[in-house]
Amino acid sequence: DTGVSQDPRHKITKRGQNVTFRCDPISEHNRLYWYRQTLGQGPEFLTYFQNEAQLEKSRLLSDRFSAERPKGSFSTLEIQRTEQGDSAMYLCASSLRTGGNTEAFFGQGTRLTVV
Amino acid sequence: SQQGEEDPQALSIQEGENATMNCSYKTSINNLQWYRQNSGRGLVHLILIRSNEREKHSGRLRVTLDTSKKSSSLLITASRAADTASYFCATDPGNGNQFYFGTGTSLTVIP
């Protein structure tokens with residue numbers, strides 16, 4: 001499978017616990033994004049990496065959230081001290097900018113439920 | 001905040017009919033992309049239209065873009081039950097650093 005891969009697909013955690021999600025982008029893509037989507041809404045931008053550099057972060061990314069992309073390959077998104085409001089689908093996307101346009105491809109997402 | 005807005009929010013049609021969804025956005029863009037999302041799944045990339053393009057086709061999909069009105073439409077011809085999903089437009093303001101999504105159109109195709 002050469003698409004964007006996310007793991008795990010589902011995560012149920014107790015409030016206050018830490019969780020970590022992984023994203024493996026399409027191999028030749030140098031750009032990687034994290035989005036969050038709640039029920040009935042469109043995806044909301046969280047953060048963006050170009051290679052290993054985290055270049056943009058949304059104000060939605062509170063200090064309990066941290067994302068990394070070591071070596072510019074896979075990425076992890078960690079949420080510390082989870083809250084019920086963190087329950088959402090977390091989507092990862094990757095892209096390769098060509099000809100001034102960027103076509104982003106998404107993974108299947110990780111659905112987080114905080115109980 | 002989300003820049004795009006899809007219209008209608010929900011659409012129900014019979015199999016074989018055409019489905020049209022509209023997207024309006026607020027600021028200038030470099031391109032606009034349409035995605036499909038089946039319930040509880042990830043987003044599937046459908047088509048990208050550049051700001052200097054007015055129309056683009058891919059199979060049963062036809063996308064138009066009117067940058068003067070800051071709007072785009074997605075037409076699905078000869079719909080099938082498998083087209084049942086939510087459809088989102090996403091705008092790229094220019095640098096590809098982030099994409100702005102609307103709240104989506106929920107399409108139901110009745111067999």
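The values are calculated or read from the model by the stated rules, or taken from the named source; none is laboratory data. Just so we're clear, the structure is a prediction, and the values are computed from it rather than from any experiment. With ideal geometry, Cβ positions are generated from the backbone for all residues, glycine too; neighbour counts draw on all protein chains shown. Areas reflect the complete protein model, heavy atoms only, side chains present, ligands, DNA and RNA absent. Shrake-Rupley method; radii C 1.70, N 1.55, O 1.52, S 1.80 Å.
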| Within region B:83-102, which residues are within 8 Å of chain A (Cβ to nearest Cβ) and either of a type in the set (Asp, Glu) or within 11 Å of the chain's Cα centre (by Cα) (or both)? | B:PHE88, B:ALA90, B:ASP92, B:PHE101, B:GLY102
| note | Scanning region A:69-84 residue by residue, those at pLDDT below 95 and open to solvent by 60 Å² or more (accessible area, probe 1.4 Å) turn out to be A:LYS71
| message | Can you report the number of residues in region B:16-48 which are more than 19 Å from B:SER79 (Cβ to Cβ), within 10 Å of chain A (Cβ to nearest Cβ) and hydrophobic (A, V, I, L, M, F, W, C)? | response | 2
| query | Would region A:28-35 turn up any residue that is within 8 Å of another protein chain (Cβ to nearest Cβ), in contact with a Ser or Thr (Cβ under 9 Å, 6 or more places away or on another chain) and modelled with pLDDT under 90? | reply | no
| Given region B:1-108, what strands (runs of 3 or more DSSP E) lie entirely inside it while holding 1 or more residues that are open to solvent by 50 Å² or more (accessible area, probe 1.4 Å) and either among the hydroxyl-bearing types (Ser, Thr, Tyr) or closer than 26 Å to A:LEU61 by Cβ (or both)? | B:5-7, B:10-14, B:19-24, B:43-50, B:55-58
| request: Kindly list the number of the only condition in (1) within 10 Å of chain B (Cβ to nearest Cβ); (2) under 22 Å from B:THR103 (Cα atoms); (3) open to solvent by 60 Å² or more (accessible area, probe 1.4 Å) that fails for A:ARG59. | output: (1)
| field | Condition check for A:GLN54: polar (S, T, N, Q) and either within 22 Å of B:ILE29 (Cα to Cα) or within 10 Å of chain B (Cβ to nearest Cβ) (or both) | value | no
| said: Please go through region A:9-27 and give me each residue that is modelled with pLDDT of 95 or more and out of contact with any strand residue (DSSP E or B) (no Cβ under 6 Å at 6 or more places or on another chain), ordered by number. | reply: A:ARG9, A:LYS14, A:GLY16, A:GLN17, A:ASN18
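Within region A:94-110, take every residue that is in contact (Cβ under 8 Å) with a residue 12 or more places away in the chain and more than 7 Å from every other protein chain (Cβ to nearest Cβ) and give me the one that is farthest from the chain's Cα centre (by Cα). Working first, answer last.
Initially, region A:94-110 is screened for residues in contact (Cβ under 8 Å) with a residue 12 or more places away in the chain, giving A:94-97, A:102, A:104-110.
Narrowing further to those that are more than 7 Å from every other protein chain (Cβ to nearest Cβ): A:94, A:96, A:110.
On the way: A:SER94: 10, A:LEU96: 17, A:THR110: 9 Å.
Only one residue tops the list, namely A:LEU96.
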| message | Given the criteria without any contact (Cβ under 8 Å) to a residue 24 or more places away in the chain and over 24 Å from A:LEU46 (Cβ atoms), does B:SER51 qualify? | response | yes
| field | Unmet requirement for A:LEU39, which otherwise passes all of (1) assigned to a strand (DSSP E or B); (2) within 11 Å of chain B (Cβ to nearest Cβ); (3) open to solvent by 30 Å² or more (accessible area, probe 1.4 Å); (4) aliphatic (A, V, I, L, M) | value | (1)
| note | Reported set for region A:50-99 where residues are among the basic types (Lys, Arg) and closer than 12 Å to A:CYS23 by Cα is A:ARG69
